Structure formats: structure tokens, C-alpha cells
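Asks: There's a structure below that I have some questions on.
The values are calculated or read from the model by the stated rules, or taken from the named source; none is laboratory data. Owing to the predicted nature of the structure, the values given are computational and were not obtained by experimental measurement. Note that we place each Cβ from the backbone using ideal geometry, even for glycine, and neighbour counts take in every protein chain shown.
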Amino acid sequence: MARIKNFPSQLLSEDEKNQEWCEQMIDAIMNYSTGSDDYKASRISDLQNYQIYNGEINRESFKYVTEQYGYAYPARLVNYPIISPKIDLLLGEDLKRPLDYKVSTVNKEAIVRKEDYKVNLIMNTLLKDIKEEIKKEVGQEIDIEGQDFPVPEDIDHYMRYNYREMIEEVAQDGLEYIVEKQRLKELFKNGFRDLLVTGKEFYKTYVKDGDPFVRRIDPRAIIFDMGVDSDFLDDSQWVGEERWLTTNEILDEYRHDLEKEDIEAITAMMQITSHGELGEYNSVVEWIDWNQSSGVRVRVVSCEWKSIRRMRFKISENKYNPENPFRKLLPDDYKERKRDNIESKYIDDIWEGTKIGGKILVQCRRKFNQSRSVDDAGKAKLSYIGCVKGNSAGQSQSMVALMKDIQMLYNIVMYHIELTMARAGGKAVVYDVSQMPANLGMDMQSVLYHIKNDGIIPINSRDEGNQTASFNQFQQVDFTLSQSVQQLINLKLMLEETAGSVSGVTKQREGAVGQYEYVGNVQRAVVQSSVVTESWFHTHVETKKRVFENLCDLMKLAWAGGKKAATILGDGAYKFLNVMPDISLNDYGIYLGDGGKDESLKGLVGQLAQSALQSGQIDFMNVIKVLKADTMTEAEHILERAMDEMKANEAQQQEQQQAMMQAQAEQAQAAFEQQVQLEQVKNEAKIQVAQIQSETDLKIADMKSDDAREMSDVAHQVKNKQLFLNKRLEQEQKLEDKGQDAEANQPVTEDRKKQIQDIIKNS
């Protein structure tokens, strides 16, 4: 076992923390990767687990099965995966789970602001009640100072779920911008795969091109302190990352940090075309690699560690507030005087450094953009985040590790099934070659011909060598598929069931449901399976939460001067980001929803929403919004708003109905009163009409008696005139007929007739 180098002291002055000190720290971290047996075992285990997941087989480890006595059996050893489908199923489930996160301010000042706002809401509620009481007593509205904004009905529920500060909304938009721009959902999927395969999941957060950035790290590339009693990498005191880069990649990434001679040395490495040309690098061959496809690759190790920095403050009296004296930060080179009241405080200080090819040192310095808390500036975080599930001295527990022995046995069983099938050859006859009928001129081919075509084997038992004790010398051997295949198949099914119970991904969860299985039993099996696998999702969620917290810390640094950007949402719409500079004045906490619970509840809520649609409790568009919601929280808010709208509509309809009923009642009352008045008018009119009719009848009767006499006289005169005229017409007609008078000979003209008629009429 190689000896692990001691780590240099962190209790040094700033002048002593030079490049040499940084190199000692880097060498100690690198030496841990080669000197620690636990770390080497962990690295080998991670490599093997990924090989198993990818379906790679080490056939050397199976030779005790595939070969005997120097001969290989007529069968192929092939990987039949039972691990990767289960891991891929969990990856798919994780992708279906919504990435539900909520940013909240958690520093003391922000908490005080929220408490003050809650107190104002409560005071406004009291003022509103007082205002109502005064209105009842006085009978008129009054204005009370302070009641200038609406108050929710449930203040505690509003403050817990609905109230958002403007700076929280800005931080939320900023995090959404990072999630969409960097496609973090896909990144987290790959990290979850690392967790399931190796039991480790690692990321690095940093500022790139003015924005917070996160990068997934292969667990096989991380060097970390395995002695830390924590499942999370950010609790470590130091972390190293190992990468193999081409010379061009090194020049692109570190060009601004390399000296002229370093660039020349790296450029010279480009000319290496074989291992034999490594030259001076042969002594550090573990730092340089060459292969025909990629050429020269150089080992690059980047390290971060927590150091300690002493901060000195000069204490001065505060006359106005003696309990809170003035504190002045002193420079490192300040020389104390006897009368000085100096106070020292030690804080975390993150340092970094990178070693290239075992010789070149770059970026050995105090780290830029250190994540610190507003309330506790003495604490700083590493930029590396990750977890080691079930950490036991750095040895993680992965899902592949739980099933790899089962996978090995499964491949062996499948190998024996193939071997049994290869050995199968139907039925055969044991034929004694001494019975060959040579006297008939027959050889083996002739014998086989007669067997197949004639069904007989001609022999002569009297020939020399053919004398046998009996004639049962021919025996039949059965080489058909043996019953052992069924036993192997049963063993195969048993291994599949065992893998499902060990991993928690049962056949019911995979959708392999038998036709005779009850629905209730299948559902219970799926629920129990989810309980077993939920710990993996929980660890993954906690790791994502820590990544988001680091990104929020970096937002305070990267966007301290403000940030304006736009993001394209999933539906093609734009969402604009406008970050104000005061984002750096707060600390932020992250809430991540329980994806598994939310997903099941969201499905149930979707069913209830459809039922509510059928009963008329919500409308169709709100049901569509619920079904399209990404998170349970969003679906809950949609339903809450829909129910509030429904209640408001019902209240409005009820008010309208009451108003309509009141209007109808008022109309009915008015119509009744009008009918009564009308009846009174009618009765009065009837009385008046009767009186008028009576008076009229009397007048008519009088007029009729007077008129009767006048009419009698008139009629008598008319009758006389009529008689006179008729007689005149008769005379004129007679004169016309007799022709006695010359004038009378003229016929009676029409004019004359008209004149006569006029006379009659006027008469």
C-alpha cells in the first residue's frame, strides 16, 4: 500500500499561502487517489458497474463455466440484461416527474420583512372590522389610515403558499432561465443514472460567460475525502477532479493562465506519435497517455479545498451605542500597537489549483466568486456538489451492485440453456461396426442408405466376427432436448423475480402483468415497489436542491449589476428576465416538490377535475389547464382559482336571482296596486256612465217626443210634394205619348230627368 501524503497546514499567513503551498495541497489530493486502497476499490467498482450496465462481459471470469479440461463448450456466453431495463425504467419515471422548485428568501432581514407584512395584514383585518362597526353605529363610511390594500380571508395560508416578494419572483425567474438555457432536466437525468449505476452523483457550479453554470461530473473522475461522515460531497474539506484532455483542449481552456514555456511544452506533446516517443515523460507516464485514435491525452487534475483565513478587526468605542462598537477590517500587513483593541475571527476561505501533465501549475489562487451567506459570511461552499448514497467509508451502494451477482447467474443460466439446445440432436442408434456386411460389398454409406430407404440393416451372422450371444446388439440413444431445460427456465424465472424484489422494480411495475392477476393485487405490488425505490429518488432530489442553492448563490455574484434576458418557453412564448442589483442582498432557499407524490396526486386531481366537469363544478378550459399542468402545485392553483371563480359566479348568479325575484315581487305588488286602482276607476266610471246614461235617456225621451211631432209634419209635407211630382210626371208622359204639343213631341232628356230628381230630393 502506498503511503498517503500529509496535507499541508491551513493555519498559515496569507504570505505563506504561495504556489508551493498550493502544489503541496494538489499533490496530497492526487496521492490520495493512488495511495488509498478504499478509493482504488471504489474506482474499480464504479468502472465494473458501468461495464455491467452497458452489457460488457469479462469472459475471463466465466471460463470456469465455458471451458473444461482445455475444451470450450459449443455455446456462446452472451449478456442478457436484466439490470439496465430496470434502471432505464427509473430514469423514465424521473423524466416524467415535474421539476417543481420554488425560490424563497431565507435571510433574517427577509424574514423580518415577511413578518412585518403579515402583521400589516392582520392589522388591516382589525381595521376593516372596526370600520364596519363604526358604519353600523354612525351610518356612514369613514376612512381609516393604513387600510389601503386588500386582505385575504386566510392570512396564514396566503403567507405560506401565495405571498411572494418581488425579489423572490426575480430569483425564481432567474433560476427558470438557467434551467431552460442549460437544459438541466436532461443533465439531471444523466446524474440520476450515475447514482443508480455507481451510487454517486456529482456536479460542479461556476460562473461562465457572466451566468451561473452547472456541469455534470463522471463519478469515476472525482477524488474526494472518503473519511467524511456525510452522504454529500459539499460537506467535504477538499475535492479533486481528474480529466484527460487533448493538447488542443488544454490550450483552449487554459491559454490565458499558461506561461510561454508551458505552451511550448504542451505544443511539443502534439508531436508524440507513440509510447516510445514520450521521452522525458516516461517517468510520469501516469500523467501522459497516447493512443492511435485520439493521439496524446494529458491528465489534468483540478482541486478545491477549504482553508482558513484570519480576519482582524479594530474595535472602537461607539458613543451613541456603547453596546455596538465600531469594527474596522484591517489589512493583512497591519502592525498592531499596544493601545489597539484587536479582534480576530477565522472564516472559511476556498482555494483552487490545477496541475497539468504532472508539471504545469495554473490557477493556484484564492477562488473567485465564493458562495457565502448574507447572515453568516464566515461560511463558504465548495463549487462541487454531489452525494454518496449509503456512505460507508466512501463505499457507496448502487442498484447495479445489488443485482450484479444476479446478472452473472442469469447469464450462466442462459448459457446452459443454449448449451443444452446445442447438444440436442434427436434419437441415434449405437451401431457395432463389426456387424458391417462386408460380404455383401456394403460400406457405412450403403448401410445408412438401406436404413433410411428400406428400414432394414442386412447382416450375416455366420460371417467371421459376427457371432454374438444375442441379436440385441443394436441400441437406441435419445439425444432430444432433455427435461433439464425446464429446470433451467424455472431457475431463470426465479432470478428475474429476485432481481425485481431486490431492486424494487418488479414485473408489475414493468408492465409484465399475467392475464389471471387481479387489478387490486397489481396495484398493491406497484405501490410496494415504489416504496422500495423512493429512497433513490429522495437522494436525487436532495442533490438537485443543493445544486439549485449553489446556483442561487452564484446569481448573487454573477448578476450583482443586473441582468436582462429572454427565455423561450415550451409553448413558444417568451418570458423576459429583468434582474435587479439588490438580488445580491438576500439568501435564498429552494423548495423541491415530491415528484412521486405529486405525480400520483396530479393524476388523481386530473380524474377529479374530469368528474367535476361532468357535474358542472368547473368548466372545460380549466380541466384542460389541470391536465397540462407540470406540477401538482400548479394544478392545485388552477383548481383553486377555478373553484373561486365558480363560487364567485354562483354568488353573482344568486344575487342576480335574488334581485330578479325582488324585482318580480315589486312588479307583482305594483301590478296588484294598479289593478286595484283600475278597478276603482272602473267602478267610478261605471257609476258616472250610469248617471250619464240615465240623464241621456231622459233627454232622448224628451227629444224623441218633440222630434216625433216635427217628423210627422215634415213627412206629411214630403208626401204631398211627392204626390204632386208624380202626378206631374204622369202628365208629361201622357203628352209625350199623344204628341199633342210640339214641345211635347220631344222626348224627356236626361237633364230633364235629373232636374226632376233634384226637385224630389230637395223637397
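Asks: Among residues belonging to region 284-327 that are out of contact with any Lys or Arg (no Cβ under 9 Å at 6 or more places or on another chain) and among the small types (Gly, Ala, Ser), point out the one that is farthest from Ile266 (Cα to Cα).
Replies: Here the answer is Ser293.
Asks: If Trp290 passes every condition in (1) within 21 Å of Leu251 (Cα to Cα); (2) modelled with pLDDT of 80 or more but one, which one does it miss?
Replies: With (1) within 21 Å of Leu251 (Cα to Cα); (2) modelled with pLDDT of 80 or more applied to Trp290, the lone miss is (2).
Asks: Here is a further query. Please verify whether region 52-63 includes one or more residues that are closer than 29 Å to Thr198 by Cα and in contact with an Asp or Glu (Cβ under 6 Å, 6 or more places away or on another chain).
Replies: No, region 52-63 contains no residue that is closer than 29 Å to Thr198 by Cα and in contact with an Asp or Glu (Cβ under 6 Å, 6 or more places away or on another chain).
Asks: On to the next question. Determine whether region 33-53 contains at least one residue that is among the charged types (D, E, K, R), surrounded by fewer than 18 Cβ atoms within 10 Å (Cβ to Cβ) and at pLDDT below 80.
Replies: yes
Asks: Check whether at least one residue in region 545-560 is outside any helix (DSSP H, G or I), within 19 Å of Ala377 (Cα to Cα) and modelled with pLDDT under 85, and report yes or no.
Replies: Within region 545-560, one or more residues are outside any helix (DSSP H, G or I), within 19 Å of Ala377 (Cα to Cα) and modelled with pLDDT under 85.
Asks: Take region 44-53 and flag every residue that is in contact (Cβ under 8 Å) with a residue 24 or more places away in the chain and either of a type outside the set (D, E, K, R) or out of contact with any helix residue (DSSP H, G or I) (no Cβ under 6 Å at 6 or more places or on another chain) (or both).
Replies: If the condition is that a residue be in contact (Cβ under 8 Å) with a residue 24 or more places away in the chain and either of a type outside the set (D, E, K, R) or out of contact with any helix residue (DSSP H, G or I) (no Cβ under 6 Å at 6 or more places or on another chain) (or both), then Ser45, Leu47, Gln48, Asn49, Tyr50, Ile52, Tyr53 are the ones that fit.
Asks: A follow-up question, please. Is it true that some residue in region 176-191 is surrounded by fewer than 20 Cβ atoms within 10 Å (Cβ to Cβ), under 30 Å from Leu585 (Cβ atoms) and among the aliphatic types (A, V, I, L, M)?
Replies: Yes, the conditions are met somewhere in region 176-191.
Asks: Surrounded by fewer than 12 Cβ atoms within 10 Å (Cβ to Cβ), in a strand (DSSP E or B) and polar (S, T, N, Q), is that true of Ser307?
Replies: The answer is no for Ser307.
Asks: Let me ask something else. Taking Tyr449 as the residue in question, decide whether it is modelled with pLDDT of 90 or more and over 32 Å from the mean Cα position of the chain (by Cα).
Replies: No: the conditions fail for Tyr449.
Asks: Taking the condition of being under 15 Å from Ser396 (Cα atoms) and not hydrophobic (A, V, I, L, M, F, W, C), how many residues in region 29-72 meet it?
Replies: 11
Asks: I've got another one for you. Please give the number of the condition Met25 fails out of (1) surrounded by 11 or more Cβ atoms within 10 Å (Cβ to Cβ); (2) at pLDDT below 90.
Replies: Single failed check for Met25: (2).
Asks: Somewhere in region 79-101, is a residue modelled with pLDDT under 90, among the aliphatic types (A, V, I, L, M), within 30 Å of Cys552 (Cβ to Cβ) and surrounded by 17 or more Cβ atoms within 10 Å (Cβ to Cβ)?
Replies: Yes - at least one qualifying residue is present in region 79-101.
Here is a yes/no grid of residues against (1) touching a helix residue (DSSP H, G or I) at 6+ places or on another chain (Cβ under 7 Å); (2) buried (at least 21 other Cβ atoms within 10 Å of the Cβ); (3) not aromatic (Phe, Trp, Tyr):
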{"residue": "Tyr206", "(1), (2), (3)": "no, no, no"}
{"residue": "Pro212", "(1), (2), (3)": "yes, yes, yes"}
{"residue": "Ile217", "(1), (2), (3)": "no, yes, yes"}
{"residue": "Arg220", "(1), (2), (3)": "yes, no, yes"}
{"residue": "Ser230", "(1), (2), (3)": "no, no, yes"}
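Asks: Something else: For region 59-75, give me the residue count where each residue is surrounded by 13 or more Cβ atoms within 10 Å (Cβ to Cβ) and farther than 21 Å from Glu496 by Cα.
Replies: Counting residues in region 59-75 that are surrounded by 13 or more Cβ atoms within 10 Å (Cβ to Cβ) and farther than 21 Å from Glu496 by Cα gives 3.
Asks: Looking at region 493-506 only, could you name the residues that are under 26 Å from the mean Cα position of the chain (by Cα) and of a type outside the set (A, V, I, L, M)?
Replies: Ser503, Gly504, Thr506
Asks: Output yes when any residue across region 320-334 is assigned to a strand (DSSP E or B) and of a type in the set (S, T, N, Q), and no when none is.
Replies: Scanning region 320-334 turns up no residue that is assigned to a strand (DSSP E or B) and of a type in the set (S, T, N, Q).
Asks: Moving to a separate point now. What helices (runs of 4 or more DSSP H), lying completely within region 1-110, carry at least 1 residues that are under 38 Å from the mean Cα position of the chain (by Cα) and under 30 Å from Leu495 (Cβ atoms)?
Replies: Correct list: 37-53, 84-96.
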